[in-house]
Amino acid sequence: MPVTHNGGPLIRSNSKRVTFYFNSLEPDTLVRQFLANPPEKFETFLSPEGAPAFSTRFDLLTTLDKDVRRRLIGLPLYRHWCKLLRPRTCFVGTTVSEYALLPRHVAPASLVAALKERYADEYPFLIIKDVPQSSPLLDNASNAHARDLLAACKTAGFVLLEGQALAYVPIDFTSVESYISRQSSGRRKDIRRKLRRQGAVQIESVPTGSNRFAIPAVLDEYYALYLNVFRQSEIHFDLLSADFFRALLQDASSGGVAFEYRNDGRLIGFNLCFTTGGKLIDKYVGFRYPDARALNLYFVHWFHNLAYALEHGLTHYVAGWTDPEIKAYLGAQFTFTRHAVHVRNGLLRATLQRFARWFESDRAWHEGHADDHPGHS
């Protein structure tokens with residue numbers, strides 16, 4: 001399904017990136033391919049106002065505090081009544097963009113009213129996901145629009161929840177070594193020890209659209225490595241399809257680059273990134289285990305990306321949502337989102353308002369480790 005605005009395609013320019021969305025960090029191709037090749041068990045669509053959205057059965061325990069979730073799962077007959085915790089949910093946003101993509105031509109109050117009227121009765125839960133909060137990665141207009149949208153959501157009866165921690169690193173250092181020197185002495189020692197293995201890793205940059213990605217065996221290997229990472233993750237929400245990856249890897253216009261990591265000629269990992277707006281956006285990784293762990297590939301890829309951003313004169317490395325603990329350890333800063341949640345059932349809505357803090361695990365983690373990482377917004 002193509003992304004359209006009033007019947008026409010997204011505005012694009014070769015000299016300057018233009019989009020009709022607020023909050024856009026990624027190239028447009030990610031949204032197009034998300035709509036055309038949705039994750040498993042997702043239905044993707046555009047609202048009439050032009051906002052990307054999707055519906056799926058959502059496990060309400062996904063962002064619940066780990067200890068609370070563990071206690072719930074241990075309750076009697078959980079496997080019989082747990083289906084009640086997976087209602088059909090409409091999400092406004094995507095799982096391939098860092099933030100909710102909001103059409104510029106619709107005022108926040110009008111958009112919220114239209115979404116509520118169209119979807120609130122049909123779905124037990126309506127969630128406008130990943131609305132930025134004074135993000136240092138966005139312009140003033142996007143941040144102001146997000147504030148107005150959250151205010152409109154609150155007026156319309158949505159419950160506002162703290163969202164995830166988006167990791168980023170400002171490229172305000174002159175070398176990777178100077179970046180490492182900012183860390184504590186214990187971390188410096190540990191990082192340098194782990195990076196000793198990088199001599200055993202050969203790194204190649206392959207632009208999207210390369211002839212390499214016309215080879216079915218290469219595409220199959222990339223997808224298998226992605227599945228390795230997905231399956232070992234704690235949260236299983238959006239299982240991206242092989243067709244989605246094929247389309248991204250074969251799109252020469254996106255500005256994407258796949259960093260391939262090899263050991264003795266064998267592919268042990270890849271990292272698909274995009275450069276837009278002067279930022280390196282880290283989107284997807286795939287690892288071969290146990291090789292990737294033995295060679296400390298996560299550490300190697302992190303510092304390779306910092307070096308790449310520095311070499312290309314970029315302003316930020318945007319490292320994504322997952323694994324905030326290790327990213328904080330490696331020196332990342334964080335900026336948070338909010339989710340606006342409309343609950344159709346009044347009793348459940350009141351319950352969510354009362355126990356909202358249980359669903360704000362990233363914020364609780366961040367506040368509990370305020371002295372362990374260098375910054376946040």
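No lab work stands behind these numbers, since they all come straight from the coordinates. Remember, predicted model here, so these are calculated numbers, not experimental data. Neighbour counts run over all protein chains shown; Cβ positions are idealised from the backbone, glycine included.
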For this session: Place the peptides 220-231, 90-101 in order of packing, highest mean first, counting for every residue the other Cβ atoms within 10 Å and averaging per peptide.
Result: 90-101, 220-231
Exercise. Packing-wise, with mean Cβ within 10 Å as the measure, how do 302-309, 196-203 rank, highest first?
Worked result: 302-309, 196-203
Exercise. From the cross-link list K279/K327; K41/K279; K194/K327; K129/K283; K154/K283, which pairs have alpha carbons spaced over 22 Å apart?
Worked result: K41/K279; K154/K283
Exercise. Straight-line reach from K189: which aspartates and glutamates have Cα under 20 Å away, leaving out those fewer than 8 places along the same chain?
Worked result: E177, E325, D371, D372
Seminar exercise, completed: Residues meeting the amide H criterion for Y284 (H placed from the backbone, H to H distance under 5 Å, 5 or more places apart or on another chain) are L272
